[in-house]
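> Structure below; questions to follow.
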Amino acid sequence: MCNVLYLNAKKITKVLLLGTIVVVATLFARHAEGTVSFYIEQEGAAYIGTEVVLLLGGNAATARDASFEWSFDGNARPILFRRGGLESQITPIDTEPITAFVSAFDANGDLLASASLTLEASEFSVEIVMVEPEPFMLWDANAQQDVAADGLIAGVPFQLEVRLTPDYSRVFHCTWTTDAATAIRAGRNEQRVTVVRNDIGDAEVSVVVRNADGLVLGRGARDVNVPITRSRIYESNRRRTAWNQWQEAQSQWAARNFDEAMASATAASETDPETREIMDGFEAMRANHNRVLRSRQFIAEAVSLHGEQNLAEALRIYRRAYAAWPLSETQASIRALESEIDKMRIRAQQVEWLRDTAAAYDQEGLFAEALRYYRATLELQPDDEAVAQRAERIEYRLASIAQATALLEEGRALEAAGRLVEAVEKYNASLSFESNAALEAHARDLEATIGERMTQAAALRTEATNLLGGDNDAEALLRFRESYLLWPDEELGLLIAELEQTVTEPAEQVIRAAVDFGIGTQADAARLLQEGHALYRDGRYREALEIYRKSFAISSDARLGDWIRMVETSLEEYDAVLRANALIKEANNLYSEGDHAAAIEKYRESLAIHFNAEVENFIRMLEELNPDLVDGNIVGG
């Protein structure tokens, strides 16, 4: 069994120094069995707050059934024993010497050997290093650009950090201190600290490093030179601002913002009167700006003269403005005024031509074109009162035409809806605004149609009334409906509704409209004519003929009458051909059966209806082949 001794070291805080001590102590003792070797060996250097391993060596350490007894003198914690006492581990807490004692005993408890070792722990080497800052840029007036500052700047914070040698992988804390002129901004107890010195000089910075248990691992100090004054920063900012103002002034001048450019240049010269380039440029810009101002005065005068139509004098002043300061706008005004003066020479001719053209259109009744030319005349010569009066008269006339057109369209819509009386009223209202011979004729035609419809409606109503009371109630109802269709009447509508409750109507009933009685306007006739043409083009000749006849009943157009007769003749001929072809088919069947005599009779019947040269030749051929048919009673019989 191993005897293990634990020693509690007292806590002592002292300044640590970097150092390494390796000591090997050996003690020889005599034993009955011979000479015994025994020693303590330190593994690695000793540093405050870091574990140190002590190892036993020699043949006594390897003796069978040997036991070991350790003791210590000094400040260390904790003390641990491993491998049956062959190793011990201590953690020094200061730089005071620590002595380790160990004895080896055999199985009988007899002393084999003894050894001791004294070690001293060192402090860590503490280095304070500068954290490389972002470069602070200062204006270089000669280079006309920012350059990195060649040192630290008073009033600008910088950072420092601690580095330990050897490396310390565990948590440690720092306590930073500075001289009276240097202040700590952040990280007073951190590995990295932010400090600032408000005046130039050396910033004196020191640090004490402790581990998590508060043991002092090491100390460090450093002087950091701060050579650049705050006034130099102010000077840099001032001259940089001035240069930027001057650059802005040049850009504004290039963009022809002359007043803004002059303001920026003035600010630059006042901010930095030492830079020669700024001052020389400012003086040149001020001279040019005075020319710009003089040019503006001339331009304002020229614009006023132009407004007074004093074109020649305005042109002269514009030219002085361009000489004072040449601008493309001024040159454009000069060219425009020169062109205007040239145009003045021909404007009178243009006015005369426009007036004459407008009058010509006016005389031809082309009022819109006339008004356009009168207005063009007034654009060139606004004070022409005669032209203004003519334009006003035409505007009034066009307004009347527009109102007449609107009433005409309303009338057409009413006519299309069958509201003829209202349509005639709109047509007459339109004629009150603008005479229109065609519309007047149409209105009279429509009035006549209205009269015819009223007359026919009355006749149909009388006829229907006479039919009532017998077996003709259904026919009477039909006549009443035809009358109502021609001329709606509220009383008649009620009568029709009453009859519909009791009268049984035929399955098919055709109600005649106005056109079926030959009543309608010329527009109705034209519409029917177009319907007839459409049916005719589709090959529906009989239906077309009926529509043609309705159109003719209204219009009595001679050409339509001739066309109707031609269609009737064509249809009659078409019917004759159909009947003749039917007889020819019967004759062909008789011929096929060998009854030539009967076939010839049928062929002759077809010829009587519609002549056909081929049929006549075929009859002649049959007669030549059968002479007895000619001599008999059949032929001609």
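> Restricting region 79-109 to residues that are part of a loop (DSSP other than H, G, I, E, B) and in contact (Cβ under 8 Å) with a residue 60 or more places away in the chain, which is farthest from residue 174 (Cα to Cα)?
My answer is 79.
> Among the residues of region 213-234, is any within 51 Å of the chain's Cα centre (by Cα), in a helix (DSSP H, G or I), in contact (Cβ under 8 Å) with a residue 40 or more places away in the chain and surrounded by fewer than 20 Cβ atoms within 10 Å (Cβ to Cβ)?
Checked against the condition, which is being within 51 Å of the chain's Cα centre (by Cα), in a helix (DSSP H, G or I), in contact (Cβ under 8 Å) with a residue 40 or more places away in the chain and surrounded by fewer than 20 Cβ atoms within 10 Å (Cβ to Cβ), region 213-234 yields at least one hit.
> Could you please tell me which pairs satisfy a Cβ distance under 7 Å, a separation of 6+ or placement on different chains, a first residue in region 528-539 that is of a type in the set (D, E, K, R), and a second residue that is surrounded by 17 or more Cβ atoms within 10 Å (Cβ to Cβ)?
531/547
> Mind telling me which of the residues 94, 110 ends up being surrounded by 16 or more Cβ atoms within 10 Å (Cβ to Cβ) and either of a type in the set (D, E, K, R) or at pLDDT 90 or above (or both)?
The conditions single out 94.
> Do we have any residue at all in region 486-494 that's modelled with pLDDT under 80, surrounded by 14 or more Cβ atoms within 10 Å (Cβ to Cβ) and under 30 Å from residue 407 (Cα atoms)?
Yes.
> Scan region 318-340 and give yes if some residue there is farther than 30 Å from residue 250 by Cβ and of a type in the set (A, V, I, L, M, F, W, C), otherwise no.
Scanning region 318-340 turns up at least one residue that is farther than 30 Å from residue 250 by Cβ and of a type in the set (A, V, I, L, M, F, W, C).
> Going residue by residue through region 499-513, is there one that turns out to be in contact (Cβ under 8 Å) with a residue 24 or more places away in the chain, buried (at least 16 other Cβ atoms within 10 Å of the Cβ) and within 18 Å of residue 442 (Cβ to Cβ)?
no
> Can you find a residue in region 162-182 that is over 30 Å from residue 78 (Cβ atoms), free of Cβ contacts under 8 Å to residues at least 24 places away in the same chain, among the hydroxyl-bearing types (Ser, Thr, Tyr) and surrounded by 18 or more Cβ atoms within 10 Å (Cβ to Cβ)?
yes
> Ok, one more. Pick out the one residue from 324, 314, 302 that is within 24 Å of residue 344 (Cα to Cα) and either among the polar types (S, T, N, Q) or not assigned by TED's automatic domain parsing to the domain that holds residue 239 (or both).
314
> Considering only helices (runs of 4 or more DSSP H) fully contained in region 305-422, which possess at least 1 residues that are over 30 Å from residue 444 (Cβ atoms), out of contact with any Cys (no Cβ under 7 Å at 6 or more places or on another chain) and aromatic (Phe, Trp, Tyr)?
Fully inside region 305-422 and qualifying: 311-324, 328-363, 367-380.
> In region 110-135, how many residues are assigned to a strand (DSSP E or B) and either without any contact (Cβ under 8 Å) to a residue 24 or more places away in the chain or aliphatic (A, V, I, L, M) (or both)?
11
> Against the conditions (1) within 30 Å of residue 379 (Cβ to Cβ); (2) surrounded by 15 or more Cβ atoms within 10 Å (Cβ to Cβ); (3) modelled with pLDDT of 85 or more; (4) of a type outside the set (Gly, Ala, Ser), where does residue 405 fall short? Just the number, please.
For residue 405, the failing item is (2).
> Would you confirm whether or not region 65-81 contains a residue that is touching a Cys at 6+ places or on another chain (Cβ under 7 Å) and polar (S, T, N, Q)?
Within region 65-81, one or more residues are touching a Cys at 6+ places or on another chain (Cβ under 7 Å) and polar (S, T, N, Q).
> Restricted to region 136-191, and to residues that are among the basic types (Lys, Arg) and assigned to a strand (DSSP E or B), which residue is nearest to residue 231 (Cα to Cα)?
Result: 185.
For every residue, the table says whether it meets (1) closer than 25 Å to residue 256 by Cα; (2) touching an Asp or Glu at 6+ places or on another chain (Cβ under 9 Å); (3) surrounded by 13 or more Cβ atoms within 10 Å (Cβ to Cβ).
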site	(1), (2), (3)
310	no, no, yes
314	yes, yes, yes
317	yes, yes, yes
344	no, no, no
357	no, yes, yes
382	no, no, no
387	no, no, yes
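> So how many residues does region 63-78 have that are out of contact with any helix residue (DSSP H, G or I) (no Cβ under 9 Å at 6 or more places or on another chain) and assigned to a strand (DSSP E or B)?
The number of residues fulfilling the criteria is 4.
The values are calculated or read from the model by the stated rules, or taken from the named source; none is laboratory data. Please read all numbers here as calculations on a predicted model, not as lab measurements. All Cβ positions, glycine included, derive from the backbone under ideal geometry; neighbour counts span all protein chains shown.
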